[in-house]
Amino acid sequence: MRRDNGNVSTNAEANVQHPLSGFELKAVLRESARDKTIFLHGKVSSGSENCNDAVIILEKTPFQMDTVSSLLKNDPELKLQLKNDIYGVYHLSPSPELNEIKTTVICPASEKHIKKYLQQEVYVIHETEDDYKAITLPYIESQSFSIQWVYNILEKKAEAERIVYENPDPTNGFVLIPDFKWNQKQVEDLYLIAICHQRGIRSLRDLTVDHLPLLKNILEEGKEAILKRYSIHGNKLRIYLHYQPSYYHLHVHFTVLGHDAPGSSVERAHLLCDVIQNIESNPQYYKTRTLTFALREDEALLKKFKELRDI
Ligand code: GTA
């Protein structure tokens with residue numbers, strides 16, 4: 001099945017082109033030895049003549065408790081690197097099924113996608129209510145990332161088989177689904193997102209008392225669904241919204257404590273339980289408060305703030 005308008009396709013389609021067909025590396029955008037991740041800009045060929053920009057993210061996956069002992073059984077081949085007294089360091093080359101690399105392909109990637117993954121300086125912005133209206137909102141309306149992938153999930157045109165839980169209410173309901181960044185093989189890096197059914201709630205800034213039932217449903221039903229499916233209790237979860245998000249359709253991140261997920265730092269993550277309390281104590285809280293966040297050097301929104309404000 002393929003829908004070109006919504007970019008939905010499945011592997012069941014005959015003649016599926018390899019997603020990395022004709023791959024040619026253009027640049028390493030960023031890499032992290034700590035996270036064992038590398039972000040690449042490349043060209044891939046789609047069809048006979050077209051050559052598309054692609055962002056490819058390669059990430060070594062965490063060990064899985066249930067398979068880790070197979071790595072070491074039956075005298076696997078070890079290449080000695082160093083031996084000193086009781087200390088030995090070896091290279092082990094596991095079989096392919098125990099040596100997976102999670103590969104994310106964004107294709108065709110826009111200039112904005114390429115910049116998003118580029119290593120850059122970041123700067124803190126304190127966005128007042130007026131800044132939001134004069135700078136951020138016009139920016140969001142003119143050039144934010146497409147949210148077609150979100151509508152595909154809500155309309156069951158993509159990832160339908162991955163849905164963990166759904167409250168179908170059009171106003172106060174949501175879909176809970178494993179995040180793109182989680183391979184679902186181990187709960188040590190569990191990462192799900194709750195995407196609300198209601199359209200037009202762009203971000204934290206749009207939230208008022210009208211949205212409290214939705215937010216409370218996401219918090220309570222999301223925790224319950226994760227407990228039921230993954231046996232992880234709510235007191236082990238970090239449940240938060242990003243400000244600024246990359247995609248301006250309200251969604252909530254569920255990650256497990258102990259997993260240092262990208263975007264869980266204090267200048268970006270707003271705990272859902274705090275968001276609910278803030279709105280309860282002041283219905284205009286997110287409309288009026290100055291909100292602080294960081295922007296990368298190359299981001300158009302930062303350029304707008306620099307043009308219009310003394311920062
Ligand atoms: N299930 O199609 C999708 C999909 N898309 C396109 C995005 N997401 C999706 N989930 C499903 N299907 O958590 C997820 C994203 C993200 C959430 C949107 O939706 O994975 P956000 O609007 O707050 O945007 O959340 P955010 O957090 O900036 O987006 P993103 O892409 O996670 O980028 C943040 C940083 O995370 C990046 O700068 C990069 O450092 C890192 N990162 C991004 N992707 C990966 C990856 N695949 N592996 C490792 N690190 C990554």
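The values are calculated or read from the model by the stated rules, or taken from the named source; none is laboratory data. Predicted model, so just to flag it, every value in this text is computed and none were measured. All Cβ positions, even for glycine, are placed from backbone atoms using ideal geometry, and neighbour counts span all protein chains on display. Just so you know, the surface numbers come from the protein's heavy atoms only, side chains and all, with ligands and any DNA or RNA stripped out. Shrake-Rupley method; radii C 1.70, N 1.55, O 1.52, S 1.80 Å.
Which percent of the Cα-Cα distances in the stretch 23-117 go past 22 Å? Pairs farther apart than 22 Å: 50 percent. Roughly how many nanometres apart are two label points built 7 Å out from the Cα toward the Cβ at Asn183 and Glu307? Here the answer is 4.3 nm between the modelled labels. Percentage of Cα-Cα pair distances in the stretch 94-214 greater than 16 Å, rounded to whole percent? Cα-Cα pairs of the stretch 94-214 separated by over 16 Å account for 75 percent. Would you please classify the overall shape of the stretch 219-301 from the alpha carbon gyration tensor, given that a ≥ b ≥ c denote the square roots of the eigenvalues, rounded means a/c under 1.5, and beyond that prolate means a/b larger than b/c while oblate covers the rest? Oblate. Taking 0.36 nm per residue of sequence separation and removing the Cα-Cα distance, the Gln143/Ser32 pair yields an extension gain of 37.1 nm.
Close amide-amide hydrogen proximity is noted between Arg238 and Thr255, Val256, Leu257, each under 5 Å apart and 5 or more residues distant or on a separate chain (H modeled in the peptide plane; Pro and chain starts excluded). In order along the stretch 236-249, phi translates into HN-Hα couplings of 10, 10, 9, 10, 8, 10, 9, 9, 6, x, 8, 10, 8, 9 Hz, rounded to whole numbers, per the Karplus curve 6.51 cos²θ - 1.76 cosθ + 1.60 with θ = phi - 60° and x for Gly and Pro. Between Thr67 and Ser281, with labels modelled 7 Å along Cα→Cβ, what's the label distance in nm to one decimal, could you check? Each label point lies 7 Å from its Cα, and together they span 4.7 nm. Near the amide H of Ile125, within less than 5 Å, lie the amide hydrogens of Phe293, Ala294, Leu295, all on another chain or at least 5 residues away, with H placed in the peptide plane.
All other residues whose Cβ lies under 10 angstrom from that of Val164 are scored, Lys and Arg at +1 and Asp and Glu at -1, for a net of +2. Per-atom-type breakdown for the stretch 122-307 gives carbon and sulfur 50% of the accessible area (1.4 Å probe, protein chains only). Summing -39500 (n - 2.57) over the DSSP H runs of n ≥ 4 in the chain and dividing by its residue number, what mean residue ellipticity at 222 nm do you reach, to the nearest 500 deg cm²/dmol? So the helix-based figure for the chain works out to -6000 deg cm²/dmol. The H on the amide N of Asp169, modeled in the peptide plane, is under 5 Å from the matching H of Phe174, each at least 5 residues off or on a different chain.
For the stretch 122-307, the equivalent ellipsoid built from the Cα gyration tensor has semi-axes of 27, 18, 17 Å, listed from largest to smallest. Label-to-label distance, Leu78 versus Val124, with points set 7 angstrom from Cα along the beta-carbon direction: 4.8 nm.
Our Cα-only numbers for the chain put the radius of gyration and Dmax at 21.8, 67 Å. Evaluating 6.51 cos²θ - 1.76 cosθ + 1.60 at θ = phi - 60° for every residue in the stretch 28-44, the Karplus couplings come out as 8, 7, 6, 8, 9, 5, 5, 8, 6, 10, 9, 10, 10, 9, x, 10, 10 Hz, glycine and proline recorded as x. Any of Lys26/Lys306; Lys223/Lys287; Lys157/Lys303 with alpha carbons more than 32 Å apart? Name them for me. In this structure, Lys157/Lys303 lie more than 32 Å apart at Cα.
Applied to the stretch 197-206, the Karplus parametrisation 6.51 cos²θ - 1.76 cosθ + 1.60 on θ = phi - 60° returns per-residue 3J(HN,Hα) values of 6, 5, 8, x, 8, 6, 6, 2, 4, 8 Hz, with x for Gly and Pro.
Charge dipole of the stretch 134-292 (Cα centre as origin; +1 on each Lys and Arg Cβ, -1 on each Asp and Glu Cβ, all else neutral): 120 debye, rounded to the nearest 20. Based on C-alpha pairs under 8 angstrom that are at least 6 apart in sequence, the stretch 23-117 has a relative contact order of 28 percent.
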